[in-house]
1. Using a probe radius of 1.4 Å on heavy atoms only, what accessible surface per residue do you get for the chain? Whole Å² is fine.
2. To the nearest Å, what is the center-to-center distance of region 12-76 and region 245-282, using C-alpha atoms only?
3. Based on DSSP, what percent of beta bridges with both residues in the chain are antiparallel, to the nearest 5?
4. State, to one decimal in nm, how far the label point of PHE270 lies from the label point of SER58, with both points 7 Å from Cα in the Cβ direction.
5. Mind checking the dipole of region 194-314: about its Cα centre, +1 per Lys or Arg Cβ, -1 per Asp or Glu Cβ, Debye to the nearest 20?
6. Take the solvent-accessible surface of the protein heavy atoms, probe 1.4 Å, and return the percent of it on region 1-114 that carbon and sulfur atoms account for.
7. Which residue fluctuates most in the GNM of the chain (Cα springs below 10 Å): ASN118, ASN190, ASN135?
8. What dipole magnitude, in Debye to the nearest 20, does the chain give about its Cα centre under +1 on Lys/Arg Cβ and -1 on Asp/Glu Cβ?
Amino acid sequence: MSAAQPAQRLEFDAAAVRGDFPILQQAVNGRQLVYLDNAATSQKPSAVIDAVDDYYRSCNANVHRAAHALSGRATEAFEAARRTLADFINSPAAEEVIWVRGTTEGINLVAASWGRANIGSGDKIIVTQLEHHANIVPWQLLAQQQGAELLVVPITASGELDLQVLQTLLDKRVKLVAVGHASNALGTLNPVADIVAMAHAVGAKVLVDGAQAAPHWPVDVQALGCDFYAFSAHKMFGPTGIGVLWGRRELLDAMPPYQSGGEMIERVSFSGTTFNALPYKFEAGTPNIAGAIGMAAAVKYLQSLDRAAALEHESALLEYTLQQAAALGAIERIGAPAQAASIFSFNIAGAHPADVGTLLDQQGVAVRAGHHCAQPLMEYLHIPGTVRASFSIYNTFEEVDLLFAALEKVKGLLL
Ligand code: PLP
């Protein structure tokens, strides 16, 4: 390792954290796995795997329905998980925490339910150039259906939102601003509290896509002041197929159901149906009980760490990566936001990102290459995609060295 490595490396025991993640102890293509695709999905600690396993071994039953012991136990664990998630984001109430399949479903729920009820012809919806498709397409469809207009906040050369332009776009016809808390493609951490204040000043609501922020920063929905916040368990050490939509109670109360069927009803008759109270009004059908329990276990795992030190470690990894990239040369970093998640998006001049990704995989280094579900951003930047190395708490400086040793070979092969 080079002397350039920052001092913070000794303050966070990533090696000990690594021991909590069984999947990392394996070879890929004959090399020790270097997993740098954490923005796509993180790996799972034993605490989460065990919580899901234990649920199925000891208390699997359907929730809220049967009058038997197992169902009582499952319901208790499921609702305790909701309270854990409510505390995690400082929700004023557990009823404001809706279980969904993930960020995408959370955003679709708001678009279909709140959107159709509150956005009409001539209204405006604002998204940003940085958004993931999950925070673009539902609003595009809604705008088409309702005769509304979709406006886009551009970015600066460093990959940050241009808030001056946002200010000029905001007027009384804007009903919603949908913004990512952090960009999955460039890492940019957006000033959500400021954006909320600007949007609320014209009476617009704000939905925050928290998929890339929740794994790294503490989320406080009250401090942010937003109206909706969606995030996925699988990017923050939890299972796939589960996530949370948080919404303000008065908005959720007034919203029509999203999906219908069991659990979300109060009473059904052929003369009409009445709906259950929050949060169940939005939870039709048997929920992902094991997923919710696993997500709560992931939150508890995160809370068992020194989160400030974990974040510092991730930032130090990014800093070290930038130094190594400068030393290697021929690497163009895409975006350089001042405040960012530990995401390094780059291209090698003259090489297609997909080729770089494949050659890195052959050397045991897992990165993502492509448009990262942010095609409008790639179009804006006039590039087909990027190679993205995204770091998590269990990554080490040695792994950054392995990434650059592999990139050196890639350079030799492609340039
Ligand atoms: N928003 C952002 C910023 C993301 O990075 C992702 C996933 O990559 C999503 C939304 C969609 O998340 P999910 O697929 O878990 O619904």
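The values are calculated or read from the model by the stated rules, or taken from the named source; none is laboratory data. Keep in mind that what you see is a predicted model, and the values were worked out from it rather than measured. All Cβ positions, even for glycine, are placed from backbone atoms using ideal geometry, and neighbour counts span all protein chains on display. Note: areas computed on protein heavy atoms with side chains; ligands, DNA, RNA excluded. Shrake-Rupley method; radii C 1.70, N 1.55, O 1.52, S 1.80 Å.
1. 40
2. 31
3. Close to 60 percent.
4. In this crude label model, PHE270 to SER58 measures out at 4.8 nm.
5. Working: 8 positive and 12 negative charges, 55 e Å.
Value, rounded to 20: 260 debye.
6. The C+S portion of the solvent-accessible surface of region 1-114 is 51 percent.
7. ASN118
8. Values: 28 positive and 40 negative charges, 147 e Å.
I would put it at about 700 debye.
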